[in-house]
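The structure appears right after this line, and notes come after that.
The values are calculated or read from the model by the stated rules, or taken from the named source; none is laboratory data. Every value quoted in this text rests on a predicted model; they were computed, and no experiment measured them. Cβ placement follows ideal geometry from the backbone for every residue including glycine, while neighbour counts extend to all protein chains displayed. Accessible surface is based on the protein model in full, side chains and every heavy atom, while ligands, DNA and RNA are left aside. Shrake-Rupley method; radii C 1.70, N 1.55, O 1.52, S 1.80 Å.
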Amino acid sequence: MISNNTQEKINNFLLSFAVVVSLYVILANCFDFFYDLNDDMVIKDILAGAYTGTPNGHTNQMLYPLGWMLGCFYTLLPQAPVFGVFLCSCFALCLGMVSYRIQKFFQSTKVKLVTVVLTGIVLLSLLLWELIYVQYSVVCGILAGTACFWFYTTPVESSVKEFWKKNIPTILLVWLAFNIRSGMLLLTSPFIAAVGIWHWAESTGIEKENYTDVEKKPLWKHALTKSNVCKYVIFVVVTIVGLGLFLVMDSLAYGSEQWQGYRRFFDARTEVYDFTWYPNYEEQKDFYEKNDISEIQYRLIDNYNFGLDESINENTLEIIASYRERPKMLGSLSERIKSSLSELARRTFLPQDGPYNYFVLAAYGLVIGLAVVQREKTYIWKLLLLAVMRQVPWFYLIFVQRAVARITHPLYIIEFLILIGLVVKELYDRPLWNVEKYYRMAVAAILGVIALVSLPFGFVKVQAEQALREQKLMKQKAWDDYAKANPENYYYLDVYSTVEFMEKMFADVDNSQKNYDLLGGWICKSPLQKEAREKYVTGTGEQAEAIADLLLTDNFYFVAEESCDVTFVEKFYDSRERQVTLKVQDIIGEGENPFVVYKIEK
């Protein structure tokens with residue numbers, strides 16, 4: 001016979017499963033799911049074998065253990081949308097875990113039903129764009145947020161055994177997030193630390209007014225009891241050791257000389273394009289000439305087509321990244337700090353980041369309201385700690401000018417989940433008096449109103465993006481059809497001509513190898529890029545042959561939009577004492593700015 005506790009767990013699971021399935025059924029009937037950015041598409045192509053012809057775990061963006069595992073799934077299911085299913089499953093797991101845990105704080109079936117519906121509406125409103133236009137960095141952030149929520153809502157009074165049993169999911173979520181996007185997880189670490197301190201403080205009992213023994217022992221003795229060491233210290237150690245092991249496995253997978261050189265190039269490229277940027281050639285001509293960087297090399301770096309020049313390597317970009325006069329370009333340190341603080345305040349309170357910031361502000365208000373209702377002073381230091389810790393990633397992003405939506409939105413969501421976790425945890429199994437009952441109703445009303453008001457705007461925004469993407473897909477489909485119709489050829493595309501390339505996650509899935517690549521991009525100059533073109537190389541058949549040489553052979557072509565200024569190609573060959581002409585081979589697509597296929601001839 002099933003015990004009451006087991007039956008309750010089953011009921012909670014079924015309700016959570018139902019709300020997640022309902023959300024995805026609604027979304028699937030209203031929209032198509034897309035990979036949000038080119039980065040996600042390239043990762044998928046590498047994993048699926050659409051890039052090199054064979055599934056491969058060397059995505060460089062994700063850690064190799066996870067990439068290898070997904071590559072194995074593609075080997076077993078070569079035409080399945082494995083990466084899309086994986087990313088959406090991560091989202092579904094997070095939604096289900098949050099819903100499941102919230103239900104544990106309520107006993108009444110009626111209240112559970114109301115709560116699960118409210119949870120679904122709030123999560124749908126908060127995550128609508130992210131659920132449809134899926135980005136792997138966002139998935140990492142949501143996993144980290146769910147780990148924070150799950151950990152903090154674990155009962156404090158549980159035994160060591162129960163603590164570990166209940167928090168194995170926390171460790172697994174953190175490990176999974178780290179494998180997906182290690183840099184993003186590290187960015188969320190201040191939130192994780194704040195939640196850990198909250199839970200640890202509650203377990204010591206020093207927060208409670210009736211804990212009279214606190215004055216008889218030093219604080220550290222209360223913090224480092226045998227039970228707390230077994231819970232928190234070892235928990236942190238195990239988590240960090242696991243992260244270290246994943247890094248070791250990743251390093252071993254990229255241990256060859258070719259991959260090490262590429263990773264140096266990738267890091268330098270990221271530094272130049274995403275953080276430090278690069279000085280204008282005309283304004284800093286002396287700097288470039290002093291470091292033997294020509295004007296055409298600058299132009300190739302500027303238009304992202306640096307793959308055309310084999311001599312643009314990690315050393316080139318590291319020199320640019322270390323440009324000493326950059327502080328003058330960006331302004332003084334005090335000016336940058338002042339402007340960063342101003343921007344941080346503006347983003348927190350103004351519509352620029354709505355509705356995410358509004359949900360967070362409402363959650364702070366709910367915690368303050370809870371403190372007033374319960375006359376609980378401990379919430380003050382908790383809110384102050386979280387408010388301080390959240391500034392660390394935010395200030396860093398704004399200071400280095402990388403506060404992009406795929407990073408900032410997860411930060412808001414993590415903060416919201418933590419605050420809501422505090423609210424529902426404090427109302428768990430409490431003998432509510434009238435004021436607290438009204439407070440619980442106010443929580444539901446405030447969150448429900450914000451969600452219901454913002455949800456229609458979110459749907460309109462997503463629908464508009466769907467229409468825009470469908471229109472752009474027509475042009476891209478014309479190019480894909482052309483490339484497939486000429487399987488004996490290989491095409492290198494101008495990078496800026498492909499910035500609007502996109503792909504649906506579950507419709508028209510085709511994981512066969514593509515016979516085109518970008519003339520730049522983050523996978524450029526990697527061992528995979530050479531492997532991808534290997535079977536198209538004729539003559540010498542050397543895998544490492546330069547792209548500039550290959551484009552002069554019969555079956556390699558250059559492609560760019562009609563509006564693209566392609567004179568840089570001729571200028572590049574001129575700099576190598578080769579005179580070439582670009583002959584128009586084909587024009588693909590109708591309407592404005594079609595793709596033009598060029599044959600580069602001596």
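The numbered conditions (1) within 22 Å of Tyr439 (Cα to Cα); (2) open to solvent by less than 60 Å² (accessible area, probe 1.4 Å) are all true for Arg375 except (2). Elements of the type strands (runs of 3 or more DSSP E) sitting completely within segment 474-588 and holding at least 1 residues that are open to solvent by less than 20 Å² (accessible area, probe 1.4 Å) and β-branched (Val, Ile, Thr): these cover 556-561, 581-588.
Flag: Ser125 matches the condition of being buried (at least 21 other Cβ atoms within 10 Å of the Cβ) and either farther than 21 Å from Leu66 by Cβ or at pLDDT below 95 (or both). Any chance you could count how many residues in segment 275-326 are under 30 Å from Tyr557 (Cβ atoms), outside any loop (DSSP other than H, G, I, E, B) and hydroxyl-bearing (Ser, Thr, Tyr)? Count: 2.
When each of Leu87, Leu66, Leu15, Leu93 is tested for being touching a residue at least 40 places away in the same chain (Cβ under 8 Å), open to solvent by 20 Å² or more (accessible area, probe 1.4 Å), within 20 Å of Val138 (Cβ to Cβ) and assigned to a helix (DSSP H, G or I), the lone residue that passes is Leu93. The residues on offer are Glu500, Glu465, and the sole one that is modelled with pLDDT of 90 or more and within 30 Å of Ser89 (Cβ to Cβ) is Glu465. Considering only residues of segment 241-277 that are within 25 Å of the chain's Cα centre (by Cα) and among the hydroxyl-bearing types (Ser, Thr, Tyr), which is surrounded by the most Cβ atoms within 10 Å (Cβ to Cβ)? Checking each candidate, the answer is Tyr262. There is no residue in segment 435-445 that is touching a residue at least 12 places away in the same chain (Cβ under 8 Å), more than 19 Å from Gly369 (Cα to Cα), exposed (fewer than 12 other Cβ atoms within 10 Å of the Cβ) and more than 27 Å from the chain's Cα centre (by Cα). Answer yes or no as to whether Gln352 is without any contact (Cβ under 8 Å) to a residue 60 or more places away in the chain, open to solvent by 80 Å² or more (accessible area, probe 1.4 Å) and in a helix (DSSP H, G or I). Yes: the conditions hold for Gln352.
Does Ile420 meet the test of being over 17 Å from Glu130 (Cβ atoms), open to solvent by less than 30 Å² (accessible area, probe 1.4 Å) and either modelled with pLDDT of 90 or more or within 24 Å of the chain's Cα centre (by Cα) (or both)? Yes: the conditions hold for Ile420. Gly53 satisfies every condition listed in (1) assigned to a loop (DSSP other than H, G, I, E, B); (2) open to solvent by 10 Å² or more (accessible area, probe 1.4 Å); (3) at pLDDT 95 or above except (3). Of the residues making up segment 96-122, just one is open to solvent by less than 20 Å² (accessible area, probe 1.4 Å) and within 20 Å of Asp353 (Cα to Cα), namely Val122. Just to be sure before I move on: is Ile337 assigned to a helix (DSSP H, G or I), touching a residue at least 60 places away in the same chain (Cβ under 8 Å) and open to solvent by 20 Å² or more (accessible area, probe 1.4 Å) in the structure I sent? Yes, satisfied.
Among the criteria (1) at pLDDT 90 or above; (2) β-branched (Val, Ile, Thr); (3) open to solvent by less than 60 Å² (accessible area, probe 1.4 Å); (4) farther than 24 Å from Leu493 by Cβ, the one Thr316 does not fulfil is (4). Phe178 fulfils the conditions (1) touching a Ser or Thr at 6+ places or on another chain (Cβ under 7 Å); (2) among the hydrophobic types (A, V, I, L, M, F, W, C); (3) modelled with pLDDT of 95 or more except for a single criterion, (1). Could you tell me which residue of segment 128-161 is surrounded by the most Cβ atoms within 10 Å (Cβ to Cβ), considering only residues that are within 20 Å of Ala193 (Cβ to Cβ) and aromatic (Phe, Trp, Tyr)? Applying the filter and picking the extreme gives Phe149. Right, Asp309: in contact with a helix residue (DSSP H, G or I) (Cβ under 6 Å, 6 or more places away or on another chain), more than 25 Å from Ile407 (Cβ to Cβ) and crowded, with 19+ Cβ neighbours inside 10 Å or not? Taking the combined requirement at face value, the residue satisfies it. The residues listed here are Glu162, Glu157; of these, the one that is modelled with pLDDT under 95, more than 25 Å from the chain's Cα centre (by Cα) and either small (Gly, Ala, Ser) or not in a helix (DSSP H, G or I) (or both) is Glu157. If you go through segment 57-107 and keep only what is among the aromatic types (Phe, Trp, Tyr) and under 16 Å from the mean Cα position of the chain (by Cα), you end up with Phe83, Phe86, Phe91. Picking from residues in segment 231-262 that are of a type in the set (D, E, K, R) and under 24 Å from Ala144 (Cβ atoms), the one that is modelled with the lowest pLDDT is Lys231.
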